[in-house]
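Just so you know, all these numbers are worked out from the coordinates, no wet-lab data involved. Since this is a predicted model, take the numbers as computed values, not measurements. Here the Cβ positions follow ideal geometry from the backbone for every residue, glycine too, while neighbour counts run over all protein chains shown.
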Amino acid sequence: EDKVVQSPLSLVVHEGDTVTLNCSYEVTNFRSLLWYKQEKKAPTFLFMLTSSGIEKKSGRLSSILDKKELFSILNITATQTGDSAVYLCAVDTGNQFYFGTGTSLTVIP
Amino acid sequence: DSGVTQTPKHLITATGQRVTLRCSPRSGDLSVYWYQQSLDQGLQFLIQYYNGEERAKGNILERFSAQQFPDLHSELNLSSLELGDSALYFCASSVGGSLSADSPLHFGNGTRLTVT
C-alpha cells in the first residue's frame, strides 16, 4: 500500500531557530514529491522535487530529495512567527497524490 | 489568492441529505482535483478531471460523484450523508493533466461540511 509519513507530527520552536521536517514514502511508482504550506485554509505550493540530491531553495526554505532512501527534508532557517503552519508532503505516483498528515510547526516569538 | 474558487465556504446539513460543492479552477487550468481533509486523516485524494474527462480516481465513496463541465468548473456531489463525511473538502487545479514544476497544484480555500 502506498503511503507517505511525515515527522515529527508537531514542533514548537523559538524565533530564529532552524527546523528540519521529514517526509518518507513508500510508493509503487514515484514521479515527484511536493511540499505545501497550509496556514488557515488552502495549502500553498512550496517545492516540487523529482531528482535526488538537487536542493531547491526559496529564501529561508530549502528542500532535498533522496530517492535511494525514499525521503525528503524541508529545512527552514531563522524561523519567524509567520512560518507557523502545517507543512504537507505529497507524492505524485502518476495516478494520484498521496499526502502525509503533515507537520504542525509553531514558532514562538 | 490561488485563483481557485470554491463555494459554499460552509455547509451544515443533516444525515441522509445530499449536497453539491462547486469549484471554479484558475483561469487556464484544465485539471480539477477534489480532496477530503479530515482531522485524523490528512488530505485524501478523491478524484481528478482533465478537460471534462475523469482522469484519476482515489478513495472516493460510491455515494460521492463528481463531474467537470464544458466551462471547466466542477461539482462534487455527496449523497446519503453520514456523520463521518464531515470534513473540509478542497478543490485544486493545475494547467495540465499531470503535475510538473511548471504545473503544480493550486488549492482553493475549501468547503467545510458539517453533517449533524
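Some values worked out for this structure:
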read-out: Globularity index of chain B, i.e. its alpha-carbon radius of gyration over 2.2 N^0.38 Å; value: 1.00
read-out: Residue-averaged beta-carbon neighbours from other chains (10 angstrom radius) around B:103-113; value: 4
read-out: Sequence-distant residues sharing a close amide H with A:Thr101 (under 5 Å, placed H); value: A:Gln6
read-out: Between region B:7-35 and region A:7-67, the alpha-carbon center distance in angstrom; value: 27
read-out: Cα-based Rg of the protein assembly as shown normalised by 2.2 N^0.38 Å, two decimals; value: 1.01
read-out: Where Cα atoms sit under 16 Å apart: lysine pairs in the protein assembly as shown separated by 8 or more or lying on different chains; value: 6
read-out: Length-normalised contact order of region A:1-57 in % [C-alpha pairs under 8 Å, at least 6 apart]; value: 27
read-out: Dipole moment magnitude, nearest 20 debye, the protein assembly as shown about Cα centre, only Lys, Arg, Asp, Glu C-beta charged; value: 260
read-out: Karplus-derived HN-Hα couplings along region B:53-62 (A = 6.51, B = -1.76, C = 1.60, θ = phi - 60°), whole Hz, x at Gly and Pro; value: 10, 5, 10, 8, 10, x, 8, 8, 5, 5
read-out: Whole-Å semi-axes of region B:56-116's equivalent ellipsoid (Cα gyration tensor); value: 25, 13, 11
read-out: Linear extension gain, A:Val13 paired with A:Glu69, 0.36 nm per residue minus alpha-carbon span; value: 17.4 nm
read-out: FRET efficiency, A:Asn29 to B:Glu62 (Cβ-Cβ, R0 30 Å, nearest 0.05); value: 0.70
read-out: Check: region B:1-108 dipole with +1 on Lys, Arg Cβ and -1 on Asp, Glu Cβ, in debye; value: 120
